[in-house]
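The values are calculated or read from the model by the stated rules, or taken from the named source; none is laboratory data. All figures in this text were calculated on a predicted structure; none of them were measured in a lab. FYI the Cβ positions are ideal-geometry reconstructions off the backbone, even for glycines, and counts take in every protein chain you see.
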Amino acid sequence: MKYLITRSCGHQETVYIYGRSQDISRSLLLEKEKLCKACWQSQQEEMEKDIGLPELEGSPEQVKWAKRIRWDYIEEAENHLRPLGVRLQDLLGDENPEGDALRIKKLFLVTSAAWWIKNRYNDLRLMAILADL
């Protein structure tokens with residue numbers, strides 16, 4: 001069904017949710033906690049600049065898709081780097097990273113949207129190895 005909800009940022013958006021009434025209620029609550037698409041995209045672009053990620057190259061559709069894929073890997077990389085006491089933002093600015101950190105840095109310097117799309121099903125370690133080739 002179609003629902004008009006107010007997102008956490010205060011903007012209204014239409015969402016489509018199907019299922020049992022209790023599942024719909026729970027899904028509506030979860031959807032209300034999220035940002036609207038425009039605010040989410042703005043937040044992502046700002047974070048990309050803060051982290052220092054390079055712009056992706058490709059068609060507008062490829063770039064949009066590849067950015068979503070890259071964000072999934074950013075979250076995974078940050079979880080991997082946290083025990084090492086390294087933040088992705090610091091890593092990209094580091095001139096001499098070593099080991100896994102070096103591979104992860106090379107991964108996030110890949111600018112081809114098509115490459116991100118083609119490799120979207122690989123895990124973080126394999127992606128980092130492929131980027132290092």
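Brief remarks on what is shown
Condition check ((1) in the same structural domain as residue 124 (by TED's automatic domain parsing); (2) aromatic (Phe, Trp, Tyr); (3) modelled with pLDDT of 90 or more; (4) out of contact with any helix residue (DSSP H, G or I) (no Cβ under 9 Å at 6 or more places or on another chain)) across all residues:
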position	(1), (2), (3), (4)
17	no, no, yes, no
26	no, no, yes, yes
60	yes, no, yes, yes
69	yes, no, yes, no
78	yes, no, no, no
81	yes, no, no, no
86	yes, no, no, no
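- Leading residue by the ranking (farthest from the chain's Cα centre (by Cα)) among those in the range 74-107 that are within 19 Å of residue 55 (Cβ to Cβ) and small (Gly, Ala, Ser): 93
- Of all residues in the range 81-106, those that are surrounded by 13 or more Cβ atoms within 10 Å (Cβ to Cβ) have Cβ atoms under 7 Å from Cβ atoms of residues that are outside any helix (DSSP H, G or I) and β-branched (Val, Ile, Thr), 6 or more apart or on another chain, in 101/86.
- Residues in the range 2-39 that are assigned to a loop (DSSP other than H, G, I, E, B), among the charged types (D, E, K, R) and under 24 Å from the mean Cα position of the chain (by Cα): 7, 34.
- Taking the range 116-126 as the range and being more than 10 Å from residue 69 (Cβ to Cβ) and either surrounded by 15 or more Cβ atoms within 10 Å (Cβ to Cβ) or not assigned by TED's automatic domain parsing to the domain that holds residue 80 (or both) as the test, only 124 passes.
- Being touching an Asp or Glu at 6+ places or on another chain (Cβ under 8 Å) and β-branched (Val, Ile, Thr) is a description that applies to residue 5.
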